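Just so it is clear, none of the values below were taken in a lab; they were calculated from the coordinates. Values in this document were obtained by computation on a predicted structure and should not be read as measured data. Here the Cβ positions follow ideal geometry from the backbone for every residue, glycine too, while neighbour counts run over all protein chains shown.
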Amino acid sequence: MAALGRVALLLSFGLVAYALVAGSFAAYTRRRRLALSAQNALLAAFGTTLVAAGVLLSALARHDFSFVYVAAHTSRSLPLGYTLSAFWGGQEGSLLLWLVILTGYAALAVWLNRRSRELIAWVVPVLGGVALFFAFMLCFVSSPFGKAVAPADGAGMVASLQNPYMLAHPPMLYLGYVGLTIPFAFAMGALLSGRTDERWIVATRRWTLAAWTFLGVGQLLGAHWAYVEIGWGGYYAWDPVENAALMPWLAATAFLHSVMIQEKRGMLKVWNMVLVALAFNLSILGTFLTRSGVVNSIHSFSQSPIGGWFLSFIVGCVVFSVVIIYLRLPLLRARTKLESLVSREATFLYNNLLLVALALTILWGVMYPLLTQAVTGETRSVSKPYYDFFLHSFGLPLLLLMGIGPLVAWRRASLRALGKTFIIPAVAAVVTGVALIAVGLGSSTPGLLAYTFSAFVFASIVLEFTRGTLATGSLWRLVGKNRRRYGGYVVHASVLLLAIGIAGSSAYQTIRERGLKVGQSMEVAGYTLTYRSLENTQHSNSQSTSATVDVTRGRTHVATLHPGKSFFPVEQDFGNDVSIYHDPRNLGDVFTIADQFDKNGTLFLKVLVKPLVNLVWAAGVLFVFGSLVALWPDAVEQRRLAQRYEGAAAART
Amino acid sequence: MTALALALGAVLAALVVVFVARPFLREPAPVSDRLDEQGAVDRLRLELLEERDRALSALKELEFDHRTGKVTDDDYREQVGPMRRRAAETLRALEPRAEPRAAQVGSGR
């Protein structure tokens, strides 16, 4: 069946090449049937890529080790869920996932916007061009359908990937990364066609929001996976692979805000194009960083078959974006100007500058080791203090702006109005700051500032909902009339929870490590942990050794934990089995890691008490809810937009 | 197995070719094969429609900001007049037989 997979991929390659070449020719020479044919090619490419994906999934499910990819990433003892997740566990499979999602998105976007023929005629070749790169890689550079004599068993899967989060985290990230191609294609299509009105924004608004949501959820799932699987007690380590997803998310966040200024005031057209291009290029860079092996060593990049191709593609995309934006600058001139530096649009602009600055400093941090290795031959990397410095420098003002923005009127705001709207949030912030210092929690300045600003933001969000509800008569009507705004406020509230959770769990955490014999105890931040016994368990794909540890608070027994280690015989790999008690009293965790078991029966137990850490995960749930509110279709607005474009079309006929 | 796979691949290829050629098969000799094109007048009209929506939305925002206390009475009185005039201008410019005014509004900001 590998032959069918190869044929299907070759067909995908041919179809997207046709969409690029015939689509460009049709758009340039204004040929309607050829343009429709190019659209059909994109739709068909989704079908053929799905066939290729089906072949690989079937090979994985059947443990067909004659497929090199299946033999390299799975084994017979691997449970079915993890076996299927090997689809995105390796380079070739993840490239195929990219192409499946891209052609699926492209087909849907083209079909939904088929009436905007002039714009879509140029969108098709851009989508075709991006898809062509991935189809080329899959057909000629990194095929998942390589065959060899089947070994008796496969090499298995890296132990840390054998976790339920791996079933959802990578696909979520890819749905986000790839989703950013759609706004990019529409933006470039608008520039190529000369139609720089708002239609491309209207067409891609939900795409951007959905891609951004997937990317955000993907990162949170990844953070939770790192927390429960890696066993170091944290959830974000400024790892280049983590940063790779954060950068496009930050650029997309900036775009989601600045695009509102274009819609409301007709300003920032060039800036929005730049942000869309930046988000897309960073998403390609993210895929490159995670898939080329360049993160581990620049030498693995030169050894990796995809490294040079990816780098050339990124350079090509950046040059294409810059040139096309530059050539169309005359069409992107705004006729309105910023009226005041104290206005809603000005706060959006400040927020944009901070978000982009943060994304670019992270980019520099990611690229620095690669550049130093390439130039000097030595790897010099930036570490946590570098990222923490910029997170505090840009992140804290961003947090404050989240509270200031909603309180400021559009166009301009007078000092009197500001005084009136700021008073309650300002009082909330000051009271919180003073209270924290009074109870002795002022030791960490960034933590204190984060909580003070959070109080300001929380009060401003509550005020927005309260005043809005009083003005419209009901909360339901208020949200229904402007889902994007109030969904956005819910997302702001989730960022607030995230900030409180991060500050609480990092600035105020307690860490203890001790060797314990059976029956011995250790005290950590008000908890007593007593080592009771040791057990060995055999699983289908691993052997685990776990300790039984009783946790008491005061005299009350609150939990029995089982930290341990697992050995994966096929992979010859060890994995950490952390065990966590979620304390509802402080919304924190008692996080236990069995660092080592020695021959004398001593357990070396590492315990982290992390107050408020569960707010980080609660933030994820609120983030999804807020995004769904913002994404929910607004029938009134859709009718208004349909009338606008039908009105323009009617004038033509 | 390989022969079956290749046969399936050939069927897939044939289906794909028919699907891609469909616009030509459905309309072998169309009256017009031109894509719609946006002229200068269309562009101006669309710009006016967007401007109208922006002006009306700005008025709504101002009313809402005033009701929720973000805009004081004095600021409201100062801003609402020019904004209403702007909205009225775009609405007038969009009325039939208002081509000269449309051109004026379109370039006069």
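Below are the figures for this structure:
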quantity	calculated
The stretch A:418-543 shape via C-alpha gyration tensor axes, a/c threshold 1.5	oblate
Burial order of peptide ranges A:191-197, B:20-26 (average beta-carbon count within 10 Å, highest first)	A:191-197, B:20-26
Backbone N under 15 Å from the A:ASP388 label point (7 Å along Cα→Cβ), restricted to the stretch A:509-543	A:509-511
Whole-angstrom gap from the stretch B:76-96 to the stretch A:235-255, using each part's C-alpha centre	43
Cα centroid separation - the stretch A:378-436 against the stretch A:539-602, whole Å	39
Label point distance in nm, A:VAL621-A:GLU339, each placed 7 Å from Cα along Cα→Cβ	4.3
Other protein chain Cβ atoms within 10 Å, averaged over every residue that makes up A:543-554	0
Eligible lysines near A:LYS420 by straight Cα distance, threshold 16 Å, same-chain separation 8 or greater	B:LYS70
Rg to Rh quotient for the stretch A:512-564, alpha carbon positions, Kirkwood Rh	1.05
Fully extended contour minus Cα-Cα distance, from A:ALA155 to A:ILE437, at 0.36 nm per residue	96.0 nm
Cα gyration tensor shape for the protein assembly as shown, rounded if a/c is under 1.5, else prolate or oblate	oblate
Taking the stretch A:510-610 and dividing mean pair separation by its residue count, relative contact order in percent (alpha carbons under 8 Å, at least six apart)	26
Note, ³J(HN,Hα) from phi for the stretch A:475-482, Karplus 6.51, -1.76, 1.60, rounded to Hz, x at Gly and Pro	5, 4, 5, 4, 5, x, 6, 8
Environment charge of A:ALA245, counting only residues whose C-beta is closer than 15 Å and scoring Lys/Arg +1, Asp/Glu -1	-1
Under the span-like rule (Cα at least 18 Å along the axis, Kyte-Doolittle mean at least -1.0), DSSP H helices of chain B	B:2-26, B:40-67
Relative contact order (%) - criterion: Cα under 8 Å, at least six apart; region: chain A	11
Proximal charge balance of A:LEU418 [Cβ under 14 Å; K/R count +1, D/E count -1]	+3
